[in-house]
Amino acid sequence: MKNRYTAVFLGLFLIGILDISAQAPLPVKQFIPDKPFLFVQLPERSDCITEELLQLFRAEPSNNIIIHLSGGFQLEGTITEKIQRGTGITSINIKLSNYPGALFTISLNTESGQSKKLIGRIIHPNSGDLLLLVEENRNYYMKKQLQKFFMTE
């Protein structure tokens, strides 16, 4: 009887050891390679003309647009989609031609009781950087940001 308990215990012990060693170790740190930057020639901050940004919402899909940035830079592209997301919220997707593969998404919030507010970003899935539309004292500018620190929707 004593030998049976010892044999059962030894068998369970061996099965437990084999089970533990069969599991693959989980990687603690993953190395994510850095993607190349798309907006290298642009400065960290590029001022925008607010009226030009607001005029985008008067344009129709398939219209070509040009947005001037400070330093003589400009964004050129075609409006691919214009969506009314609710009362007072309109979103536009612009496929940029001078940055192939990049998408400029901009939204205008004109809900009652609030002033007009713009939110936007330019992102390319294979780029390590992006441009974020930022408001400061009722003026807008594009700010460069690393894509790996930015969560997309």
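Any idea how many residues of the stretch 83-118 are touching a strand residue (DSSP E or B) at 6+ places or on another chain (Cβ under 8 Å), farther than 21 Å from LYS144 by Cβ, without any contact (Cβ under 8 Å) to a residue 24 or more places away in the chain and not hydrophobic (A, V, I, L, M, F, W, C)?
Here is the first cut: in the stretch 83-118, the ones touching a strand residue (DSSP E or B) at 6+ places or on another chain (Cβ under 8 Å) are 83-85, 88-99, 102-111, 116-118.
Now restrict to residues that are farther than 21 Å from LYS144 by Cβ: 83-85, 88-92, 108-111, 116-117.
Now restrict to residues that are without any contact (Cβ under 8 Å) to a residue 24 or more places away in the chain: 83-85, 89, 91, 109-110, 117.
Checking which are not hydrophobic (A, V, I, L, M, F, W, C) leaves us with 84-85, 91, 109-110, 117.
Matching residues across the stretch 83-118 total 6.
Go through the stretch 45-60 residue by residue and tally those that are surrounded by 13 or more Cβ atoms within 10 Å (Cβ to Cβ) and more than 22 Å from ASN137 (Cα to Cα).
Taking the stretch 45-60 as the starting set, the residues that turn out to be surrounded by 13 or more Cβ atoms within 10 Å (Cβ to Cβ) are 45-50, 52-54, 56-57, 59.
Those still in the list that are more than 22 Å from ASN137 (Cα to Cα) too: 59.
Residues in the stretch 45-60 being surrounded by 13 or more Cβ atoms within 10 Å (Cβ to Cβ) and more than 22 Å from ASN137 (Cα to Cα): 1 in total.
Within 21 Å of ASN126 (Cβ to Cβ), aliphatic (A, V, I, L, M), in contact (Cβ under 8 Å) with a residue 40 or more places away in the chain and surrounded by 13 or more Cβ atoms within 10 Å (Cβ to Cβ): which single residue out of LEU69, LEU42 fits that description? Don't jump to the end; show me each part of the working.
Numbers: LEU69 fails: within 21 Å of ASN126 (Cβ to Cβ).
One residue alone meets the criteria, LEU42.
Somewhere in the stretch 50-64, is a residue in contact with a strand residue (DSSP E or B) (Cβ under 8 Å, 6 or more places away or on another chain), at negative phi and among the basic types (Lys, Arg)?
Restricting attention to the stretch 50-64, the residues satisfying the condition of being in contact with a strand residue (DSSP E or B) (Cβ under 8 Å, 6 or more places away or on another chain) are 50, 52-54, 56-57, 59-64.
With at negative phi added as a condition, the list becomes 50, 52-54, 56-57, 59-61, 63-64.
Remaining after also requiring among the basic types (Lys, Arg): none.
Checking the stretch 50-64: not a single residue is in contact with a strand residue (DSSP E or B) (Cβ under 8 Å, 6 or more places away or on another chain), at negative phi and among the basic types (Lys, Arg).
Inspect all residues belonging to the stretch 97-104 and state whether any of them is in contact with a helix residue (DSSP H, G or I) (Cβ under 6 Å, 6 or more places away or on another chain) and not basic (Lys, Arg).
no
Kindly provide the set of residues from the stretch 44-66 that are touching a Phe, Trp or Tyr at 6+ places or on another chain (Cβ under 8 Å), not acidic (Asp, Glu) and not in a helix (DSSP H, G or I), ordered by number. Full working, then the answer.
Filtering the stretch 44-66 for residues touching a Phe, Trp or Tyr at 6+ places or on another chain (Cβ under 8 Å) gives 45-48, 50, 53.
Still in the list and also not acidic (Asp, Glu): 45-46, 48, 50, 53.
Correct list: ARG45, SER46, CYS48.
Step by step: first the residues of the stretch 88-104, then only those that are among the aliphatic types (A, V, I, L, M) and over 13 Å from LEU53 (Cβ atoms), then the one that is modelled with the lowest pLDDT. Which residue is that?
ILE89
The values are calculated or read from the model by the stated rules, or taken from the named source; none is laboratory data. Values in this document were obtained by computation on a predicted structure and should not be read as measured data. So basically every Cβ, Gly included, is an ideal-geometry build from the backbone, and we count neighbours across all protein chains shown.
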